[in-house]
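The values are calculated or read from the model by the stated rules, or taken from the named source; none is laboratory data. Here the structure is a predicted model, which is why all the values come from computation and not from measurement. Here the Cβ positions follow ideal geometry from the backbone for every residue, glycine too, while neighbour counts run over all protein chains shown. Each accessible area value is taken on the protein alone, full model and side chains, heavy atoms only, with ligands, DNA and RNA left out. Shrake-Rupley method; radii C 1.70, N 1.55, O 1.52, S 1.80 Å.
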Amino acid sequence: MGSIFQIILQRLALGVITLLIVSMVIFVAVNALPGDFAQAILGQGATDEAVAQIRADLGLDQNYFMRYFSWLGNVVTGNLGISFAQMNFASNMGGDQLVGVVEQIAPRFKATMFLAGVTAMFAVPISITLGVLAALYRNSIFDRAVNITTLSSISSPEFFLAYILILVLAVLNPIFPSLSNVYEGMALGEKLNRTMLPALTLTLVVTAHMMRMTRAAIINLLASPYIEMARLKGISPMRVIVRHALPNALAPIINVIALNLAYLITGVVVVEVVFVYPGIGQLFVDSVKIRDIPVVQACCLIFAAAYILLNLMADILSILSNPRLRHPK
Amino acid sequence: MTQQLLKIRGLKIEGKSDEVWKPIVNGIDLDLKKGEVLGLIGESGAGKSTVGLATMGFTRDGCRISGGTVDFDGVDLVTASAAVKRNMLGKRIAYVAQSAAASFNPAHRLIDQHTEAPTQHRLRPKAESELDGMGLYHRLRLPDPDHIGFRYPHQVSGGQLQRAMTAMAMSCRPDLIIFDEPTTALDVTTQIEVLAAIRDIVEQFDTAAIYITHDLAVVAQMADRIKVLLRGDEVEEAETRAMLLAPREDYTKSLWAVRSFQRPAKPAVSTGVTPIVSLKNVSAAYGKSPVLFDVAFDIHAGRTVAVVGESGSGKSTTARCITGLLPPSQGHIEFNGEALPLDYRKRSKDQLRQVQMIYQMADTALNPRSSIGDIIGRPVQFYSGLTGSAKRKRVEELLAQIELEPEQYIDRLPSELSGGQKQRIGIARALAAEPQFIICDEVTSALDQLVAEGILKLLAQLQDDLGLSYMFITHDLATVRAISDEVVVMKDGRVVEQGPKAEMFQPPHHPYTDLLLSSVPEMDPDWLTNLLNGRGVDNIGDAAVGKM
């Protein structure tokens, strides 16, 4: 087992380094956005003095390196800074309670994770089951139907799927609410009920990848001698696939699941907008609009971390799914 | 012994190639009584495995049974439903595959795979099957039979896996077991243990068996009767002893005659001549684990040195050291008296040219998307700088040298060639560099005996014409006998014995050489029995444990 821990530690270290590089890219990219907060907030009638004043207040007049390292230092200690919008509001209106970016993002992030989690709970088992069945009945009508359905749903724009679901499940048959404005402290049942439509929409979006990879990975193995052996032992086709093929097909499936879960965390802004779901995606887009750099950077960093962490977990799980590494000679 | 178990009549099987169904097996009859062992022999492409699988009512993807009946104990497996067949498979007819390493599922422990058939067929509960499995492991003389089943396939050696697979086939006490080349992938010393184990257990349980192999000497030990197949047709069938004594058909006789090829020995090398290649105390390691220890031997101009040993003995690693692919950790290699740089990247073009290699698997050693002309033309251009029509002319010369009609083959792809022809292309590619020294790494072990003999004759002819030196890596002692001048025996990364061929095949031997030599199956049907009696059964078991 020693070697596994070594591999995992290596991957973790690599993840941290990747995150560091990503932080630089984020910083450079965000600062390369045309215009800045001062101009965005003051609009057309901005005087140079007013712009300079706001910039000085926010520390935008310091050089890039200083700003990067002070930001990085703060991030490492868990301080993501204070939103420009908040600061500006406070200095104009005289409020003294500043809400940090962490406090601002936390509820949004929790909501996003909740939506991603509910979606994953539907999508992952459904995809794997459909993939296994499609592999079992490959080239049958069932296989083709599943492929066509999942491919059509992934090929349609998300908002289109969302409106169809609203039409069918909220308007024609009022089963779920069409607005998903969840908030903290809401009862779990109610929260689930309101999350259902966006979760279903996202399930339709991510199922195709995972299902098709499951099917392909299993079919890929069906010509292996050990599958032939299992058949020649008189094992039922279902058991051949579930017990003999699936365990050896896990690595590619896990990787595709990780990619789709990362997408659920980082790429669902359209669905959030349609259902008025208070996730992190909307906050991110709003902040980009007004060049609220601390919030944008924090969101980017969270997105990057989510990708890195999920891929890291996928790597580790793939390694663990290999009996050669789990049980060395 | 009288009750009929299996009756195959007019079995026809077709395979799909290029969207057209072509016959593979053209009407075979086969009868098997309870407890009887039938040997099915033939070259690759004869349809042995296809017939073996069809006996279970099974065809691989792209094949279909197009006619005939397979009557197993009153049930026609050709027309039976999938459910009826499933109920037979594993339970009444079991299968032992060629490569146990590939046929055990890597994701599950041996015992779980062993108990799967009896539990799925609802014969007995899992715990009982586990105990039974341990008993079978014990009978098959697997080391540590009570615990070996709890290992994963990759934790167990090839010979042990093959016995574990035989145990697995026995798990439901079937009436018939199909053995599909079960020892082909094993070393000779391991092969004996597996053969003995299979023969014993088949006798003990009075199981009928179909034993498929291309090795006559092996089938002579195992079978009561032998059936010879050639390209999907039966050539002849007879009791084992009768067939060995007096094969009727010419084809069968030609199979028997293959082992007779032997080059005359060359006179001994006079002392003081500088060898072409000289290994000076070479040691090497993969990463931190050492694999070669102090290997030293010479290869003289125009001669063939056979390097023999079991898998893992360091034969191929030695070749990698000579080519510079794996720089030795200690020692050095001299070529015509001059030290070669250890790493191939530091060698000059001329030094690279002098050492060429021919590989075991011509299939994977040739680029499937390049034409034969390109495959051979590339080294011609690289080493001699010829282009255009001069290059083509040289390629044609090379093709003529390996006895393939240039016009006919130069524009073909490797997939359009037979195994023996592909290996000839591999030889031509090595010759294209105009080397003095060629390493042949198990070049005949993937080929049928007749084809292999053709390759050996060609190599011998080229040696006479071009004065080449060969290092011939092999585990097959018949090949050593046929072609070598000197022999180097390796074990566990060390040279245990070396000398001229005539001496090596005469006693006294190093004990390990003796074990190797005595393990090569002979045509005598009593060979295995006599050998086991001679060695003593316990001895065999010890050898097994010691080696694994």
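One way to sum up the overall shape of the protein assembly as shown is the equivalent ellipsoid from its Cα gyration tensor, whose semi-axes run 63, 39, 26 Å, largest first.
Count Lys and Arg as plus one, Asp and Glu as minus one, and take only other residues whose Cβ is under 14 Å from that of B:GLN330; the net charge is then +1.
The charge dipole of the stretch B:121-205, taken about the Cα centre with unit charges on the Cβ atoms of Lys, Arg (+1) and Asp, Glu (-1), comes to about 240 debye, rounded to the nearest 20. Highest mean first, the peptides B:147-160, B:409-422 sorted by other C-beta atoms within 10 Å per residue fall in the order B:147-160, B:409-422. The value for the stretch B:112-166 of Rg(Cα) / (2.2 N^0.38 Å) is 1.08. Of the residues B:LEU326, B:GLY35, B:ILE402, the one whose Cα sits farthest towards the positive end of the charge dipole of chain B is B:LEU326 (charges of +1 on Lys and Arg Cβ, -1 on Asp and Glu Cβ, taken about the Cα centre). Taking only protein heavy atoms and a 1.4 Å probe, the accessible area of the stretch B:4-260 is 48% carbon and sulfur.
With n ≥ 4 as the cut-off for DSSP H runs, can you work out [θ] at 222 nm for chain B, using -39500 (n - 2.57) per run divided by the number of residues, rounded to the nearest 500?
Mean residue ellipticity, 222 nm, calculated: -11500 deg cm²/dmol.
Taking every residue in A:316-325 and counting other chain Cβ atoms within 10 Å of its Cβ, the average works out to 2.
Residue ranking by accessible heavy-atom surface, 1.4 Å probe, largest first, among B:LEU399, A:LEU309 comes out as A:LEU309, B:LEU399.
Take each residue of peptide A:134-146, count the partner chain Cβ atoms within 10 Å of its Cβ, and average: the result is 0.
Roughly how far apart, in whole Å, are the Cα centres of the stretch A:272-313 and the stretch B:251-295? After rounding, the separation between the Cα centres reads 67 Å.
Scanning residues 5 or more positions from B:LEU40 or on other chains, those with amide H under 5 Å from its amide H are B:TYR211, B:ILE212, B:THR213, B:LYS227, with H placed 1.01 Å from N in the peptide plane.
Assuming charge only on the beta carbon of Lys and Arg (+1) and of Asp and Glu (-1), the dipole of the stretch A:107-289 about its Cα centre is about 560 debye to the nearest 20. Just give the residues from the stretch B:130-157 buried by at least 20 square angstrom of accessible area in the all-chains context relative to the isolated chain, probe 1.4 Å, and say none if nothing qualifies. Residues meeting the cut-off: B:TYR152, B:HIS154, B:GLN155. Evaluate the charge dipole of the protein assembly as shown about its Cα centre and quote only its size in Debye, nearest 20, assuming +1 on the Cβ of each Lys and Arg and -1 on the Cβ of each Asp and Glu. Roughly 1020 debye for the protein assembly as shown. From the Kirkwood radius over Cα pairs of the stretch A:258-329, Stokes-Einstein at 20 °C and 1.002 mPa s returns a whole-number translational diffusion coefficient of 153 µm²/s.
Among beta bridges from DSSP that stay inside chain B, the antiparallel ones total about 55%. With only Cα atoms counted, the stretch A:99-229 has Rg and Dmax values of 18.4, 64 Å.
Taking label points 7 Å from Cα along the Cα-to-Cβ direction, B:SER445 and A:LEU20 give a separation of 4.8 nm.
From the residues B:SER129, A:ALA85, A:VAL171, which one has its Cα farthest along the dipole of the protein assembly as shown in the positive direction, the dipole being from +1 and -1 charges on Cβ of Lys/Arg and Asp/Glu about the Cα centre? The one lying farthest along the dipole's positive direction is A:VAL171. Per residue, the accessible area of the stretch B:1-148 comes to 42 Å², computed with a 1.4 Å probe over protein heavy atoms only.
The lysines within cross-link reach of B:LYS393, meaning a Cα-to-Cα straight distance under 21 Å and a gap of 8 or more places when in the same chain, are B:LYS422.
Using a 1.4 Å probe on the protein heavy atoms, what percent of the accessible area of the stretch B:277-506 belongs to carbon and sulfur?
47 percent
Both chains summed, the buried accessible area for A and B stands near 2400 Å², from protein heavy atoms and a 1.4 Å probe.
Just to make sure I understand: if all protein chains stay in place, what is the order of A:LEU259, A:LEU136 by accessible area at 1.4 Å, largest first?
Descending order: A:LEU259, A:LEU136.
In a DSSP loop and with at most 16 other Cβ atoms within 10 Å, the trypsin sites (Lys or Arg not before Pro) in the stretch B:299-391 are B:ARG369. Over the stretch B:332-459, accessible surface divided per residue gives 47 Å², non-protein components excluded, 1.4 Å probe.
Most simply put, the protein assembly as shown has about 55% antiparallel DSSP beta bridges, counting only bridges with both residues inside it. Distance distribution P(r), the stretch B:373-497, all Cα-Cα pairs, bin width 5 angstrom from 0: 2, 10, 20, 21, 19, 13, 8, 5, 2, 1, 0 percent. The label point for A:ALA106 and the one for B:LYS253, both projected 7 Å from the Cα toward the Cβ, are 9.5 nm apart. Considering all different alpha carbon pairs of chain B, the Kirkwood hydrodynamic radius works out to 25.4 Å.
For GluC sites (Glu not before Pro), the sites in the stretch A:162-250 that DSSP calls loop and that have at most 15 other Cβ atoms within 10 Å are A:GLU184. Within a straight-line Cα-Cα reach of under 20 Å, B:LYS346 can be paired with the following lysines, leaving aside sequence neighbours fewer than 8 residues apart in one chain: B:LYS280. Per residue of B:105-113, other chain Cβ atoms within 10 Å of the residue Cβ number 5 on average.
Heavy-atom accessible area for B:SER348, with the other protein chains in place and a 1.4 Å probe, reaches approximately 50 Å².
Sorting B:103-112, B:519-528 by their mean Cβ neighbour count within 10 Å, with the most densely packed peptide first, gives B:103-112, B:519-528. Simple rule: put +1 on each Lys or Arg Cβ and -1 on each Asp or Glu Cβ in chain A, find the dipole, and look at A:ASN181, A:LEU133, A:VAL270; the Cα lying farthest toward the positive end is A:LEU133.
The convex hull of the Cα atoms of the stretch B:277-506, projected and averaged over all directions, covers 12.3 nm². Convex hull volume per residue, computed on the Cα atoms of the stretch B:4-260, equals 133 Å³. Spatially, the stretch A:1-74 and the stretch B:487-530 are offset by 73 Å when compared through their Cα centroids. How large is the Rg to Rh ratio of the stretch B:135-191 when both quantities use alpha carbon positions and Rh follows Kirkwood? Looking at the stretch B:135-191, the ratio lands at 0.95.
Could you give the DSSP H helices of chain A that reach 24 angstrom or more along their long axis (alpha carbon positions) and whose average Kyte-Doolittle hydropathy is no lower than 1.6?
A:2-31, A:293-320
Note that the stretch B:311-407 shows a convex hull volume over its alpha carbon atoms of 145 Å³ per residue.
I need the Debye-formula profile for the stretch A:145-298: one equal scatterer per C-alpha, no solvent, reported as log10 I(q)/I(0) at q = 0.14 1/Å, two decimals. For the stretch A:145-298, the Cα-only Debye profile gives -0.84.
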